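Enquirer: Mind looking over this structure? Questions follow.
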Amino acid sequence: MSDTQRPQTENTALFDRAVEVLPGGVNSPVRAFGSVGGTPYFVAGAEGAHVWDEDGNRYLDYVQSYGASILGHADPGVLAAVHAAADLGTSFGAPTRAEVELAELVAERVPGIEMLRMTSSGTEAATSAIRLARGATGRDTVVKFAGNYHGHVDSLLVSAGSAVATGPEASVGGVPASAGVTVGTVADTRIVDYNTVPTLDESVAVVAIEPVAANMGLVGPEPGFLEAVRAECDRVGALLLFDEVITGFRLAAGGAAEFTGVQPDVWCFGKVIGGGLPVGAFGASREVMASVSPLGPVFHGGTLSGNPLATAAGLAAIRQLTPDRYEQLTALAARLAGGLTEAISGAGVPVWAPSIGPLVGLFFTDQPVRNFDDANAAAGTGFFAPFFHGMLAEGIALAPGPYEALFPSLAHTEADIDRTIEAAGRVAATLDVG
Ligand SMILES: *Cc1c(COP(=O)(O)O)cnc(C)c1O
């Protein structure tokens, strides 16, 4: 659409200003609507399951900060904790009580974690976890799975999912997926297919994995896969890193280790652990964490690590996440996935909509999706963009890319889910299945 055709609204006016001062008009690429076309809505506020934009449009929101807002937006408990913390100052550069309490809470919830370190993002947590694994083992090689995303960590920007899969930087093989990352930086990174057990050797420091992959749509581990990866790591003395930035505190109170029954050696977290504020964390046994400075030789630090507002929000969120809430979320996700499958296939459109615990995926294909190649094939059918815009016109916001999961929150009601399914049926009926 040319500028003269495009309706002039607050959203478009802001986007026009944004593109002058922010690359693509955004601070994270998927938000730019590059893979669905059109211009993004600018969020003016949010409450519970809904966001509203600068033009006053209200959307039932399945983005939920890519899962960070598991309780729904502007949760009163989280807001009260943040307000109370802010009144006492926003950053000190000295330790605080809330950091101890959050670390204790995580260690209590996640069996196997004895110590952790906080960061300000999932990317930082993943970066530090990789550094720790290399430092603790004295080895160099990192194995990652195609389509898994671990944030914008230089050495892991190879065959990555999420927005990396849709941008001009998309690539496959041992070639860096971003300009500015040297071939040398990724020389020690090995890529393997998800749901295929790699054969390792004794150069491998760590195998990094999303235990349930949620950045190439939603792809679950097949029965026995994680167990076999665990065994292969043990065979050669490599560490297993679960990137639980999405799955942590979402799949279950104890995260993916509890949900899948497979325990890694190192964990990294983000999203839910911050209750919607900038937080990440990495953790492990006391023995492995003994390598972290000042105890050991692996450096990690951060001016805002363990920030008082962020830790207050994280504590307030995680304390509310009791086992019954996971049952509630899992039931909502199953209802959504089942309903989407029925409504979209009923309109003659190929669909594969899995739910795994509280997570939901949506692929426009009639083939099961078990790895990145399958996810790419599904994205290539081209149904996602028109479906996305049709849903947006129905007042329902999905993440604007075919590689993102759907994040129903605890603020979503069964009626919200049913409304979504009905809208999906109407929208699917308008898609050209040629
Ligand atoms: C979002 C995400 C990250 C990166 O976290 P940021 O807070 O965006 O830096 C890392 N790993 C996974 C699995 C993620 O989903």
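The values are calculated or read from the model by the stated rules, or taken from the named source; none is laboratory data. Being a predicted model, the structure only gives us computed values, none of them experimental. Methodologically, a virtual Cβ is constructed for each residue, glycine included, from the backbone with ideal geometry; neighbour enumeration extends over all protein chains shown.
Enquirer: From the list ALA252, ALA317, pick out the single residue that is farther than 14 Å from ILE209 by Cβ and surrounded by 24 or more Cβ atoms within 10 Å (Cβ to Cβ).
Expert: Unique residue meeting the criteria: ALA317.
Enquirer: So TRP52 clears everything in (1) in contact (Cβ under 8 Å) with a residue 12 or more places away in the chain; (2) surrounded by 15 or more Cβ atoms within 10 Å (Cβ to Cβ); (3) not hydroxyl-bearing (Ser, Thr, Tyr) except one condition, right? Which one?
Expert: (1)
Enquirer: Just a yes or no: is a residue in the range 214-222 away from the ligand (no atom under 16 Å from the Cβ), modelled with pLDDT of 95 or more, assigned by TED's automatic domain parsing to the domain that holds ALA284 and farther than 29 Å from VAL63 by Cα?
Expert: no
Enquirer: Within the range 336-352, which residues are out of contact with any Pro (no Cβ under 7 Å at 6 or more places or on another chain), small (Gly, Ala, Ser) and farther than 17 Å from PRO386 by Cα?
Expert: GLY338, GLY339, GLY346
Enquirer: Could you tell me which numbered condition GLU232 fails, if it satisfies all but one of (1) without any contact (Cβ under 8 Å) to a residue 60 or more places away in the chain; (2) within 29 Å of GLN320 (Cα to Cα)?
Expert: Only one criterion in (1) without any contact (Cβ under 8 Å) to a residue 60 or more places away in the chain; (2) within 29 Å of GLN320 (Cα to Cα) is unmet by GLU232, namely (2).
Enquirer: Name the residues in the range 274-287 that are crowded, with 24+ Cβ neighbours inside 10 Å and in contact with an Asp or Glu (Cβ under 9 Å, 6 or more places away or on another chain), would you?
Expert: Answer for the range 274-287, where residues must be crowded, with 24+ Cβ neighbours inside 10 Å and in contact with an Asp or Glu (Cβ under 9 Å, 6 or more places away or on another chain): GLY275, GLY276, GLY280, PHE282, GLY283, ALA284.
Enquirer: Next question. So, in the range 288-303, how many residues would count as being assigned to a loop (DSSP other than H, G, I, E, B) and buried (at least 17 other Cβ atoms within 10 Å of the Cβ)?
Expert: Of the residues in the range 288-303, 2 are assigned to a loop (DSSP other than H, G, I, E, B) and buried (at least 17 other Cβ atoms within 10 Å of the Cβ).
Enquirer: Condition first: among the β-branched types (Val, Ile, Thr) and either at pLDDT below 95 or part of a helix (DSSP H, G or I) (or both). Now tell me which residues in the range 83-109 satisfy that.
Expert: VAL100, VAL106
Enquirer: What are the pairs with Cβ atoms under 8 angstrom where one residue, in the range 253-272, is assigned by TED's automatic domain parsing to the domain that holds ASP234 and the other, located anywhere, is part of a loop (DSSP other than H, G, I, E, B) and hydroxyl-bearing (Ser, Thr, Tyr)? Sequence gap at least six, or different chains.
Expert: That search, which allows pairs on different chains as well, returns ALA253/THR322; GLY255/THR247; ALA256/THR247; PHE259/THR247; ASP265/SER285; GLY270/SER121.
Enquirer: Ok, one more. Checking GLU108 against (1) in the same structural domain as GLU244 (by TED's automatic domain parsing); (2) within 26 Å of the chain's Cα centre (by Cα); (3) crowded, with 18+ Cβ neighbours inside 10 Å: exactly one of these is not met. Which one?
Expert: The failed condition is (3).
Enquirer: Can you tell me which of (1) part of a helix (DSSP H, G or I); (2) more than 16 Å from the ligand (Cβ to nearest atom) is the one SER65 doesn't meet?
Expert: For SER65, the exception is condition (2).
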